[in-house]
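Read-outs: derived from the displayed coordinates by stated rules, not from any lab. Computed from a predicted structure; not experimentally measured. Reconstructed Cβ throughout: ideal geometry from the backbone, glycine too, with neighbour counts over all protein chains shown.
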Amino acid sequence: MLADLRIQLAWLRDAVLREVKTGATRSAIQQANLIAPTLAQSPSSVHLAYLVMREHMINRLFDQHSGYWHNGLEGLDSLSDTDRGAALVDYLGVSESQLASAAERMVSDGRHELAAQVLRWGQPRFPNSTRLAGVRRVVYLKLMEKVQQVDPFKFILYAREIDQSTPQIGAPLLADTHASR
């Protein structure tokens, strides 16, 4: 399995480095959904390992080979989420209701990462909005659902964003502990 996986990852490395050299952005490389042409002939264990490692490998190679100021001017400015929230609310006039509606549409379109990003920018401008808090919770639950089988690190970070507990595997659930008394 490892010898086969190495072949697939070598192909991925070469493909990513070609893309970096042409000036592709990290998101463009990720969205290209790079699949090694010989992966289909590999066993399912190699498929799973490849898919689990792909995103992180692309990110690592991109960081190593694109320099301080990444392709597409990524990393050149120092704008914060607060600045982006100001652009949405103060300059574009986005209201709490519009922000919530847009995020809800993104969720229904399966654009969970985009919804999370937009909410990170705009929600601090409306800190008491129960609607935005509810949409944010749904967004992060959807993100957790998406990565639960393949990326435990993202799963834990998404859970932390909404204070969702992630019980240790094999640990008794709170209800089980009370039932045994």
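Please get the size of the charge dipole for the chain, origin at its Cα centre, with Cβ charges of +1 on Lys and Arg and -1 on Asp and Glu, quoted in debye to the nearest 20. Intermediate values should be presented prior to the final figure.
Working: 20 positive and 19 negative charges, 45 e Å.
Roughly 220 debye for the chain.
Give me the number: length gained by fully extending GLU74 to MET53, i.e. 0.36 nm times residue separation minus the C-alpha to C-alpha distance, one decimal in nm. Don't skip to the answer; put the middle values down first.
On the way: separation 21, 0.36 × 21 = 7.56 nm, distance 2.30 nm.
Gain on stretching GLU74 to MET53: 5.3 nm.
Which lysines have a Cα less than 23 Å from the Cα of LYS154, not counting those fewer than 8 places away in the same chain?
Counting by Cα, and skipping residues close in sequence, LYS154 has these lysines nearby: LYS142, LYS146.
Lys and Arg at +1, Asp and Glu at -1: add these up for the other residues within a Cβ distance under 15 Å of GLY85 and post the number. Let's see the in-between values first.
Values: positive: ARG84, ARG120, ARG125, ARG136; negative: ASP81, ASP83, ASP90, GLU96.
Counting the neighbours of GLY85, the net charge comes to 0.
Taking each pair of different alpha-carbon atoms in region 1-57 once, compute 1/r for the pair, average those values, and report the inverse of that mean as the Kirkwood hydrodynamic radius in Å to one decimal.
Values: mean 1/r = 0.0862 Å⁻¹.
It works out to 11.6 Å.
Relative to the compact globular guide of 2.2 N^0.38 Å, what is the alpha carbon radius of gyration of the chain, as a ratio? Mind dumping the intermediate values first?
Details: Rg = 20.2 Å, N = 181, 2.2 N^0.38 = 15.9 Å.
With N residues counted in the chain, Rg over 2.2 N^0.38 Å equals 1.27.
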